[in-house]
Amino acid sequence: MSDESTSMNADERITVRNLLHGEGSPFELAEDARSGLASTPKTLPPKYLYDASGSDLFERITEQPEYYQTLTELEILRRIAPLIVDRVRPTALVEFGSGSASKTRVLLDEMRRAGRLEGYGMLDVSESASRAAAAALIQAYPRLEVECVIADFEQPQPLPFPGKRRLLAFLGSTIGNFEVEGAQAFLRGPAERMHDDDAFLIGFDLVKDIAVLERAYNDAAGVTEAFNKNLLSVLNRELGADFNPGGFDHLAFYNEAEARIEMHLVANRPQHVTVIDLDMIVEFAAGESLRTELSHKYTRRSVEALLEAGGLALDLWETDPNGKFALGLARRR
Ligand SMILES: C[S@@+](CC[C@H](N)C(=O)[O-])C[C@H]1O[C@@H](n2cnc3c(N)ncnc32)[C@H](O)[C@@H]1O
């Protein structure tokens, strides 16, 4: 049985397809929580961080002075958008993990300047963020057609606008949230569905000074901490759990051997948590952690290897002058 629901917004330029809800949905918090909370170490996939509050908190993270990623990527995007649009000549932009789609506007503006802007496809788990972004975009781009797909990008989906020449985008170094094999598997989805003329623009946060990396995930205002702890509210609300956020501390550190930031919630005392919907009691020893997010950091060489394993090849590589962040343009191999 298909659980897909499609609705045409009041403004007929937005189409929303929700592939998440209903029987057979791949986006199953209950299953993931059952296995993740019973495993050693305890883990949950980062996609559950992005309910409506989590999406808002992520936007606030991007405004923190320690979080260099957003402004640095934006600066590179502004510099190379004309080159990319000239090289790919897309009429549609299709973005994975689009969120508020604010950086996206640099690409949409350039496509419009080139007289080529027709469609924008956005794929994200966050319905609230996607609907808000789509509504703002049709105001800003009066002839733009927006296809909004609420889905888990780990499940290969048909790509919007198959009849158009497409620039795919995956910004914010969200690709770093996958395990290495997961990132390869993710890339194979679009790689198999892209046409030869399509191209894929991907943001990569680069390996750098550990203090700079760790500061970005431990902002002084505590917004990343709130984002991390919001996961406990998601579990309490969605699964009838009784996590006490005060019983857990935010921990984010760089794991040099794996070239990744790891984000955890660490129990600051022994406790047991009841998860009514799962009929489960979860024991935490003092100091035991629940891993909530990975954020891999890259070099040009590791990106080339990742793309190759994902069925893609690097066509263009641009970094900021300080080598903090990179945008890679990839084609099908
Ligand atoms: C790190 S944020 C990046 C947002 C934006 N692209 C940027 O660059 O600022 C990750 C985005 O991916 C979405 N996301 C995370 N996991 C996802 C999944 N498995 N499927 C679809 N969207 C996901 C989140 O809702 C969020 O909007």
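The values are calculated or read from the model by the stated rules, or taken from the named source; none is laboratory data. Remember, predicted model here, so these are calculated numbers, not experimental data. All Cβ positions, even for glycine, are placed from backbone atoms using ideal geometry, and neighbour counts span all protein chains on display. What goes into the accessible areas is simple: the full protein's heavy atoms, side chains included, and nothing from ligands, DNA or RNA. Shrake-Rupley method; radii C 1.70, N 1.55, O 1.52, S 1.80 Å.
What the table below lists for this structure:
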quantity: Cα long-axis angle, helix 29-38 against the chain (0 to 90 degrees, to the nearest 10); calculated: 50
quantity: Two-decimal ratio, region 183-264, of alpha-carbon radius of gyration to 2.2 N^0.38 Å; calculated: 1.51
quantity: Region 5-141 - charge dipole about Cα centre, Lys and Arg +1 at Cβ, Asp and Glu -1, debye rounded to 20; calculated: 480
quantity: Protein accessible area in the chain, 1.4 Å probe - carbon and sulfur %; calculated: 48
quantity: Tilt relative to the chain, helix 300-309 - C-alpha long axis, 0 to 90 degrees, to 10; calculated: 90
quantity: Rg/Rg_ref, the chain, where Rg_ref = 2.2 N^0.38 Å and atoms are Cα; calculated: 0.99
quantity: Solvent-accessible area per residue, Å², over the chain with all protein chains present [probe radius 1.4 Å]; calculated: 43
quantity: Global form of region 48-193, assessed from the alpha-carbon gyration tensor, a/c cut-off 1.5; calculated: rounded
quantity: Selected from Ile281, Ser233, Gln271, residue furthest toward positive end of dipole (region 210-296; charges at beta carbon); calculated: Ser233
quantity: 27 Å Cα-Cα reach of Lys208 towards lysines, excluding residues that sit fewer than 8 places from it in its own chain; calculated: Lys47, Lys103, Lys229, Lys297, Lys324
quantity: Under the Karplus curve 6.51 cos²θ - 1.76 cosθ + 1.60, θ = phi - 60°, whole-Hz ³J(HN,Hα) for region 63-73, x wherever Gly or Pro sits; calculated: 9, 6, x, 6, 8, 5, 4, 5, 5, 5, 5
quantity: Student exercise, the chain dipole from Lys, Arg, Asp, Glu Cβ charges, in Debye to nearest 20; calculated: 1240
